[in-house]
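Chemist: Okay, handing you the structure first.
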Amino acid sequence: MKLTKDLATGAIALLIFTVILGLAYPLVVTGISQVAFAGKANGSQITRDGKVVGSRLIGTAQTIDTGRKDADGAPITRPNPAYFQPRPSATGYSATATYFANRGPNSSAARYFYRDGLAAYLALEGPFNPGLTNAGVPVDAVTASASGVDPHISETNAAIQARRVAATRGLPLARVRQLIADNTDGRFLGVIGEPGVNIPELNLALDTQAPAR
């Protein structure tokens with residue numbers, strides 16, 4: 001009898017806690033989040049003309065298809081000069097599998113990766129920033145973030161890219177700089193971390209001001 005009673009008590013407790021923690025609690029939390037901060041709860045989506053075009057939490061590279069393919073048959077792309085470019089990504093900016101490249105300071109792969117990244121950055125930004133050298137390239141321009149989808153770049157990186165974007169879009173440099181300021185997130189609690197320029201929102205603001213040609 002005691003065993004039967006214990007089993008019944010356990011089954012009832014399991015049912016009660018399943019209802020409370022498995023159904024009621026998630027529904028309450030979801031309901032509160034949808035009322036209090038629906039935008040953040042739904043992924044901080046960015047919409048344009050009623051369509052979701054991205055998230056302010058996920059960096060994406062704006063590229064142009066060159067019409068060529070690599071050895072694996074994947075399209076070869078190049079950065080679109082009309083847009084600000086995010087940090088490098090080990091995931092290809094995929095939000096479904098976020099991770100970072102585990103390259104140590106003594107890794108030969110890291111040496112080649114940073115060498116190629118510097119060369120690519122200088123090739124893209126150098127023509128619009130005379131005198132830019134390896135020493136002047138911001139660290140975040142050639143290093144990936146821990147997630148691979150960081151939407152922010154440093155203010156220094158954005159300032160360098162601003163000249164290219166302004167020239168390509170035919171916008172005054174001062175206007176582009178103002179858009180950078182408008183889309184810069186400050187330090188957390190005013191003291192933690194560094195300010196970061198949100199690339200998804202900045203690029204959408206640019207398209208509103210002067211659509212890419």
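The values are calculated or read from the model by the stated rules, or taken from the named source; none is laboratory data. Predicted, not measured: the structure shown is a model, and the values here were computed from it. Note: ideal-geometry Cβ built from the backbone for every residue, glycine included; neighbour counts use all protein chains shown. Accessible surface is based on the protein model in full, side chains and every heavy atom, while ligands, DNA and RNA are left aside. Shrake-Rupley method; radii C 1.70, N 1.55, O 1.52, S 1.80 Å.
Chemist: Can you give the accessible area per residue of the range 79-177, in Å², using a 1.4 Å probe? Walk me through the numbers before you get to the answer.
Modeler: Values: 5010 Å² over 99 residues.
I get 51 Å² per residue for this part.
Chemist: Where does helix 2-17 land angle-wise versus the long Cα axis of the chain, in degrees 0 to 90, nearest 10?
Modeler: Around 40 degrees separate the two axes.
Chemist: With θ taken as phi - 60° and the coefficients 6.51, -1.76 and 1.60, list the Karplus ³J(HN,Hα) couplings across the range 148-154 in order, rounded to whole Hz; mark glycine and proline as x.
Modeler: So the J values, rounded to whole Hz, are x, 10, 4, x, 9, 10, 6.
Chemist: Pairing the Cα long axis of helix 108-125 with the longest principal axis of the chain, what angle in degrees results, from 0 to 90 and rounded to the nearest 10?
Modeler: 60 degrees
Chemist: Here's another thing I want to ask about it. Which percent of the accessible heavy-atom area of the chain goes to carbon and sulfur, probe 1.4 angstrom? Before the final figure, lay out the partial values.
Modeler: Working: 8130 of 13300 Å².
Answer for the chain: carbon and sulfur cover 61 percent of the accessible area.
Chemist: Taking the Cα centre of the chain as origin, sum charge times position over the Cβ atoms of Lys and Arg (+1) and Asp and Glu (-1), and report the length of that vector in debye to the nearest 20. Walk me through the numbers before you get to the answer.
Modeler: On the way: 20 positive and 15 negative charges, 25 e Å.
The calculation lands at about 120 debye.
Chemist: A further question on this structure: Against the globular-protein guess of 2.2 N^0.38 Å, express the Cα radius of gyration of the range 167-211 as a ratio, rounded to two decimals.
Modeler: Details: Rg = 12.2 Å, N = 45, 2.2 N^0.38 = 9.3 Å.
Here the Cα radius of gyration is 1.30 times the empirical estimate.
Chemist: Go through 179, 165, 196 and say which Cα lies farthest out towards the positive end of the charge dipole of the chain; charges sit on Cβ, +1 for Lys and Arg, -1 for Asp and Glu.
Modeler: 165
Chemist: Moving on to the next point. Let me have the 222 nm mean residue ellipticity of the chain computed from DSSP H runs of 4+ only, each contributing -39500 (n - 2.57), with the sum over all residues rounded to the nearest 500.
Modeler: Details: 6 runs with 87 residues, N = 213.
Only helices count here, giving -13500 deg cm²/dmol.
Chemist: OK, next. Around residue 174, with a cut-off of 15 angstrom between Cβ atoms, what is the net charge of the other residues, counting Lys and Arg +1 and Asp and Glu -1? Present the calculation step by step, with values, prior to reporting the outcome.
Modeler: Values: positive: 163, 169, 175, 177; negative: 182.
Neighbour charge sum, excluding residue 174 itself: +3.
Chemist: Moving on to the next point. Which angle between 0 and 90 degrees, to the nearest 10, do you get for helix 25-41 versus the longest principal axis of the chain when only C-alpha atoms count?
Modeler: In the chain, helix 25-41 runs at an angle near 20 degrees to the longest axis.
Chemist: While we're on this one: Tell me, what ³J(HN,Hα) does each residue in the range 161-167 have, in order and in whole Hz, if you take phi through Karplus 6.51 cos²θ - 1.76 cosθ + 1.60 with θ = phi - 60° and put x for Gly and Pro?
Modeler: Once rounded to whole Hz, the list reads 5, 4, 5, 5, 5, 4, 5.
Chemist: In terms of the Cα gyration tensor, with a ≥ b ≥ c the square roots of its eigenvalues, is the range 41-173 rounded because a/c is under 1.5, prolate because a/b exceeds b/c, or oblate?
Modeler: Numbers: a/c = 1.40, a/b = 1.07, b/c = 1.31.
Cα axes put the range 41-173 in the rounded bin.
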